[in-house]
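The values are calculated or read from the model by the stated rules, or taken from the named source; none is laboratory data. This one's a predicted model, so the numbers in the text were calculated from it and none came from an experiment. Cβ atoms come from the backbone with ideal geometry, glycine included; neighbour counts cover every protein chain shown. Note: accessible area is taken over every heavy atom of the protein model, side chains too, but ligands, DNA and RNA are not part of it. Shrake-Rupley method; radii C 1.70, N 1.55, O 1.52, S 1.80 Å.
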Amino acid sequence: MHLEALRLIDAAGGTDANLVVLVEGSEELGGGGLEKLIEEKPELFKADIILIADSGNVAVGTPTLTTALRGGAQLKVTVETLRGAIHSGTFGGPAPDPVAALIRTLDSLRDASGRTTIDGLDDALTATWPGEPYTADAFRQDAGVLDGVSLMGDIDNGGENASDMVWARPAVTVIGFTSTPVTEAVNAIIPRAEAQLNLRVPAGMDPAAAAEALKQHIIDHTPWGAKVEVEIFDINHGFATDPSRPAIALLGECLEESYKEAPASAAPSGVPNDLVTVGSGGSIPLTATLQKHFPDAAIAMYGVEDNNAGIHSVDESVHPFEIERVAVAEAKFLQRVTSL
């Protein structure tokens, strides 16, 4: 998309804007090398406007600006109860099972309807999202939730709003669990069980403090005196931007114009949509680093992916219409931005 925008600009006679193109290939591995380079040589990255196309539209054909990203942390939890594996027939019953202890601990992180519960973060767990809503039907479709399976927080029955839960509040996901694989199961109680948790926090919340609260919650809710260790690592801060800033507002105008000028026959929906602004449940640590070093820069988040693009899945893809329209919008922006 960026390359096509540059081709369009070149064909139109160029732009007076001074462009710096940054290609970053390790974000999904933590991006530590790039952040170190920013710390060492910030002059390489200095800019008035920073365009980050690592977000996307709420749906194909709907131009979208992302105004907030969640921060977060990773936590590794280890529970031990025995010196070694023991026979489940001889000792099963009284023997403290570390797998059961860990499962019970993890279950304490949700209430009966599935809302996230973390001791010490009560106010944050009731925060609300002030922008565009994320409807239950849209969330269910985007997430690929199976028919008959309820959304957390009783969303289906009007209990909570998906916008609040995914963009404005902390959330915890179990992204790894270690026990005995089913294919290797034997009649034994193992001595240790482990889990890795992914904590997400909204922009403005201190992820380190939230991770400490989660760590203490896990320790306090581990049953039967089981030995528990919690390691916190890979902390990253959230990000928020103001869509009313002139440069970001101009990008929004260019996005909307680009989509609306496309032939109706080319648009997947057949109907051009107005610009929307949303949050994102994801994290891009680079944004907070750039914002720290260049607090006066206008940082815009947008992109070519949509909620059905299967990001991080086995069949990740984006619609060609999105690449085309966002490239046109970016080219328009680069032509007009020097007039601000």
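Over the alpha-carbon set of the stretch 90-213, divide Rg by the Kirkwood Rh and report the Rg/Rh ratio to two decimals.
1.05
Once every DSSP H run of n ≥ 4 in the chain is given -39500 (n - 2.57) and the sum is divided by its residues, what mean residue ellipticity at 222 nm do you get, rounded to the nearest 500 deg cm²/dmol?
Result for the chain: -9000 deg cm²/dmol, rounded to the nearest 500.
What list of ³J(HN,Hα) couplings, whole Hz, do you get for the stretch 71-82 from phi and the Karplus terms 6.51, -1.76, 1.60, once you set θ to phi - 60° and write x for glycine and proline?
Those phi angles translate into x, x, 7, 10, 9, 9, 10, 10, 10, 10, 9, 9 Hz.
At 0.692 mPa s and 37 °C, plugging the Kirkwood radius over alpha-carbon pairs of the stretch 13-106 into Stokes-Einstein gives what diffusion coefficient in µm²/s? Please report the intermediate quantities before stating the final value.
Numbers: Rh = 19.6 Å.
So the translational diffusion coefficient is about 167 µm²/s.
Amide H of residue 227: which non-local residues (sequence gap of 5 or more, or other chain) have their own amide H closer than 5 Å, using H built in the peptide plane?
It is 80, by chain and number.
Once label points are set 7 Å from the Cα along Cα→Cβ at both residue 184 and residue 262, what is their separation, rounded to one decimal in nm?
Between residue 184 and residue 262, the simple spin-label model gives 4.8 nm.
Round to the nearest 10 and report in Å² the accessible area of residue 34, as given by a 1.4 Å probe over the protein chains' heavy atoms.
For residue 34, the solvent-accessible surface is approximately 20 Å².
How much accessible surface area, in Å² rounded to 10, belongs to the heavy atoms of residue 160 with a 1.4 Å probe?
Surface accessible to solvent at residue 160 totals approximately 40 Å².
Taking the C-alpha atoms of the stretch 186-340, how large are the radius of gyration and the largest Cα-Cα span, Dmax, in Å?
Expressed in Å, the Cα Rg and Dmax of the stretch 186-340 come to 22.1, 73.
Just round it to a whole percent: the fraction of Cα-Cα distances in the stretch 97-160 exceeding 13 Å. It would help to have the intermediate numbers written out before the result.
On the way: 1455 of 2016 pairs.
Across the stretch 97-160, Cα pairs with separations above 13 Å total 72 percent.
Report the local net charge at residue 268: Lys and Arg +1, Asp and Glu -1, summed over other residues whose C-beta lies under 15 Å from its C-beta. Mind dumping the intermediate values first?
Values: positive: 260, 325; negative: 305, 306, 322, 324.
It works out to a net charge of -2.
What is the distance in Å between the Cα centroid of the stretch 59-104 and that of the stretch 122-173?
Result: 21 Å between the Cα centres.
For the chain, what is the largest minus smallest coordinate of the Cα atoms on each principal axis, given in angstrom and ordered from greatest to least?
81, 49, 40
Residue 4 to residue 315: extension gain in nm, 0.36 nm per residue of separation minus the Cα-Cα distance? Intermediate results must be reported in sequence, preceding the final value.
On the way: separation 311, 0.36 × 311 = 111.96 nm, distance 2.35 nm.
Between residue 4 and residue 315, full extension yields an extra 109.6 nm.
Going Cα to Cα from residue 260, which lysines come in below 27 Å? Please leave out same-chain ones fewer than 8 positions away.
332
Provide the gained length on full extension for the span residue 119 to residue 293, in nm with one decimal, where the gain is 0.36 nm per separating residue minus the Cα-Cα distance.
Details: separation 174, 0.36 × 174 = 62.64 nm, distance 3.33 nm.
Between residue 119 and residue 293, full extension yields an extra 59.3 nm.
Report the extension gain between residue 308 and residue 86 in nm, rounded to one decimal, defined as 0.36 nm multiplied by the number of residues separating them, less their alpha carbon distance.
Here the answer is 75.3 nm.
Find, to one decimal place in angstroms, the Kirkwood hydrodynamic radius of the stretch 227-272, where the mean of 1/r is taken over every pair of different Cα atoms and then inverted.
14.7
Taking the alpha-carbon distance from residue 292 and a cut-off under 25 Å, which lysines remain once sequence neighbours fewer than 8 residues away in the same chain are dropped?
36, 41, 46
How far is helix 98-107 tilted off the main Cα axis of the chain, in degrees rounded to 10, range 0 to 90?
Result, in degrees: 50.
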